[in-house]
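Taken together, the values in this text are just the output of simple stated rules run on the coordinates, not laboratory data. Since this is a predicted model, take the numbers as computed values, not measurements. Methodologically, a virtual Cβ is constructed for each residue, glycine included, from the backbone with ideal geometry; neighbour enumeration extends over all protein chains shown.
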Amino acid sequence: MKIFTNQFFLTFATSLFIIGIYLSINVGITHDEFHDYYVWEANKNLIFNNFLNTSYDTQFLNDGGKFYGVGFHYLSIPFEFISNFFLNNTIYSQEVKTILSKHITVFFLFILSGIIFQKILNFIIEDKFYSNLGGILYLSYPYLLGHGFFNVKDIPFLSIWLICTYFMIKISKILVENKRVAKKYFIFITFFTGLLLSIRISGILIFISYAITFFLLLNRKNIDLKEFLKNYYKQTILSFISIFVLFYILQPSSWTNPYFIFEAIKYMSQHMQTVCTITLGECMKAQNLPSTYLPIWIFFKVPLVIIFGIVLFPFVEKKIINESFNSLILLSLIFSTISIILLLILFEVNLYDEIRQVMFLLPSIFLISLSIIYFFSKKIFKIFLISSISFFLFQNIILYPYNYIWINNFSHLTKISGVFELDYWGVSTKAVAHYLDKKKLDNKTCIITNRNSGVEALVKDNYCFLPFRNLHKKNERPFYVALLERGIKKGIPNGCSLMFEEKRQVNFSKEDLILAKIYKCD
């Protein structure tokens, strides 16, 4: 039993990673990936231009492009070499192969986040078996698993945020035990915090979590502030400076601007995004969000078992609020999560595509809820988690590769189509490309899509692709129209007939969720 307890989580995580390598390179190329790739290429070119006196193109760093973080791409370099083994015999261009190879890096980071999640949960509940169950629940959660296949922005950020949280907890535990904090922990937390900022500038929010944890340490554990500063002021100052030095080193577009970080925070917090996100049937605009936006999406996206755990908080409050180290960590997660959500609402930060910009808070919400359920009843914890894991595994098979559109069972109270955003990433580019290849179109037959680059990258033949603005112009017939993402409800020209629909169903509902449509216009 002890061997099973110690090994079954890592066995599950390893098996999932091996399967996930194949699954991640067989999803579609999403709409943000080309832009993200070109920003990285421009930053690489800037490095060459500075050190090798070349004059490579850096136009993607003009205007707002320079504020997009590229830290993830340094991590993906080793996987790009490894992935050649899996992609070498494909018909894709080298550019497309490189983009797909980054999916493997993303999935590796997702699995790593699951391992860190399990370790943090075990810090809190101190029960290896139950923390293993919690880790498997996290890794099988369809929403995060789906993003783990391709999301080069939010999953790396979430994973490094969790690693930073882990080392924050390690340092806190050492301080509580009145031991000397080894230099390696300052090095680790410095490196990963700098990396976090280089992936996305909103990593600056991690300092809220650090500050709250430190305040709780001082307040609840009677740690002498003067003594702490006397022992660690050099390491603290050096770490703080090193974090921002590392950020600037990893962000070549910042090298000529000492105020870059302040401009990046301002630009990204008020990102010029005009899109709206369908939320409970209302198209909520990124630049004019109601305060209910985040609570609604969190309520419908997290599993019922997690909502159940949050509801149980009043029943276990006395068990949680005590002088133990477990209590300190749990309270720091609670206060940090609430504080960050409130700050985003109060400062009216532009958010869109449901909760992808706050995805990094989901592990904390899971940790809080699972800990509450455990302290309420181990038996209920085990029953609920095993049931949820079984349900998730089944849902993941049914939904692939659209796992991330998963929404909890409260969706049965209303329709999903037209009420919530669906395939806003454009994963359906793969299904559209596959259908077009199967039809074996004449090369002169043109295709109009609202995501030309994603579809064109995945088709086998060199078809004629027309810009989406040509949709209602006079085009030579026959031609095809493929509608994806938010364009799925766009009107089509007269004389066009529906040829194909990409569909999925969620949570045993009979409602077909239409993720892409293809029309033939004769």
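Under the rule that an exposed site lies in a DSSP loop and has at most 12 other Cβ atoms within 10 Å, name the longest stretch of the chain with no chymotrypsin sites (Phe, Trp or Tyr not before Pro) of that kind, not counting the sites themselves. That gives 1-258 as the longest site-free run. Electrostatic bookkeeping for Pro252 treats Lys and Arg as +1 and Asp and Glu as -1; over the other residues with beta carbon under 10 Å from its beta carbon, the sum is +2.
The label point for Asn26 and the one for Ile237, both projected 7 Å from the Cα toward the Cβ, are 5.7 nm apart. Straightening the chain between Lys173 and Lys119 buys 18.1 nm, computed as 0.36 nm per residue apart minus the Cα-Cα spacing. By the scheme Lys and Arg +1, Asp and Glu -1, what is the net charge of all other residues having a beta-carbon under 15 Å from that of Phe110? Local net charge: +2. Under 18 Å from a label point set 7 Å out along the Cα-to-Cβ vector of Lys510, the amide N atoms of the range 393-413 belong to 411-413.
What shape does the range 366-407 have by the C-alpha gyration tensor, where a ≥ b ≥ c are the square roots of the eigenvalues, rounded means a/c under 1.5, and otherwise prolate means a/b greater than b/c and oblate the rest? Because a/c hits 1.5 or more and a/b fails to exceed b/c, the range 366-407 counts as oblate. Let me know the charge dipole size of the range 378-522 about its Cα centre in debye, to the nearest 20, where only the beta-carbon of Lys, Arg (+1) and Asp, Glu (-1) is charged. My answer is approximately 200 debye. Evaluated with a Cβ-only charge set (Lys, Arg +1; Asp, Glu -1), the chain carries a dipole of roughly 840 debye about its Cα centre, given to the nearest 20. Expressed to the nearest 5 percent, the antiparallel share of DSSP beta bridges inside the chain is 75 percent.
With a Förster radius of 51 Å, plug the Cβ-Cβ distance of Glu476 and Lys44 into 1/(1 + (r/R0)^6) and report the FRET value to the nearest 0.05.
Efficiency for this residue pair is about 0.80.
Using the Cα atoms of the range 156-306 to build a convex hull, what is its mean projected area in square nanometres?
Convex hull of Cα atoms, orientation-averaged projection: 12.0 nm².
Using a simple spin-label model with pseudo-atoms 7 Å out from Cα toward Cβ, Ile383 and Lys503 lie 3.7 nm apart. Between the residues Thr292, His434, Phe392, the greatest Cα displacement towards the positive end of the dipole of the chain, with unit charges on the Cβ of Lys, Arg, Asp and Glu, is found for Phe392.
Taking the square roots of five times each eigenvalue of the Cα gyration tensor of the range 82-228, the equivalent ellipsoid has semi-axes of 35, 18, 12 Å, listed largest first.
What angle, in degrees between 0 and 90 and rounded to the nearest 10, separates the Cα long axis of helix 183-199 from the longest principal axis of the Cα atoms of the chain? Result, in degrees: 30. One equal scatterer on each Cα of the range 320-372, no solvent, Debye formula: the resulting log10 I(q)/I(0) at q = 0.13, 0.25 Å⁻¹ is -0.38, -0.97.
One quarter of the surface of the convex hull around the alpha-carbon atoms of the range 352-484 equals 11.2 nm², the direction-averaged projected area. Under 18 Å from a label point 7 Å along Cα→Cβ of Asp437: give me every residue in the range 459-474 with its amide N that close. 459-465, by backbone N distance to the label point.
In the range 154-200, with Lys and Arg counted as +1 and Asp and Glu as -1 at Cβ, which of these residues, Val181, Cys164, Leu197, has the Cα nearest the positive end of the dipole, that is, farthest along it? In the range 154-200, that residue is Val181.
Under 12 Å from a label point set 7 Å out along the Cα-to-Cβ vector of Ser269, the amide N atoms of the range 339-373 belong to 343-350.
With pairing defined as another cysteine C-beta under 4.7 Å, the cysteines of the chain that fail it are Cys164. Tell me the angle of helix 378-399 to the major Cα principal axis of the chain, expressed in degrees between 0 and 90 and rounded to the nearest ten. It is inclined by approximately 20 degrees. Count Lys and Arg as plus one, Asp and Glu as minus one, and take only other residues whose Cβ is under 14 Å from that of Leu466; the net charge is then +4.
Rounding to the nearest 10 and keeping the result within 0 to 90°, find how far the Cα-based axis of helix 225-250 lies from the longest principal axis of the chain. On a 0 to 90 degree scale, this one is about 20. Karplus-based coupling profile of the range 289-301, in residue order and whole Hz: 7, x, 5, 7, 4, 5, x, 4, 5, 5, 4, 8, 9, with θ = phi - 60° in 6.51 cos²θ - 1.76 cosθ + 1.60 and x standing for Gly or Pro.
Taking each DSSP H run with n ≥ 4 as -39500 (n - 2.57) and averaging over every residue of the chain yields -19500 deg cm²/dmol at 222 nm.
Kirkwood Rh, the range 284-339, all Cα pairs: how many Å?
Taking the inverse mean of 1/r over all distinct Cα pairs, the range 284-339 comes out at 13.5 Å.
Listed cross-link partners Lys173/Lys319; Lys489/Lys510; Lys444/Lys489; Lys460/Lys503; Lys440/Lys490; Lys44/Lys438 are compared with a 30 Å cut-off, the Cα-Cα value being larger for Lys44/Lys438.
Computed over the chain, the P(r) curve from all C-alpha pair distances, binned at 20 Å from the origin, holds 21, 55, 22, 2, 0 percent per bin.
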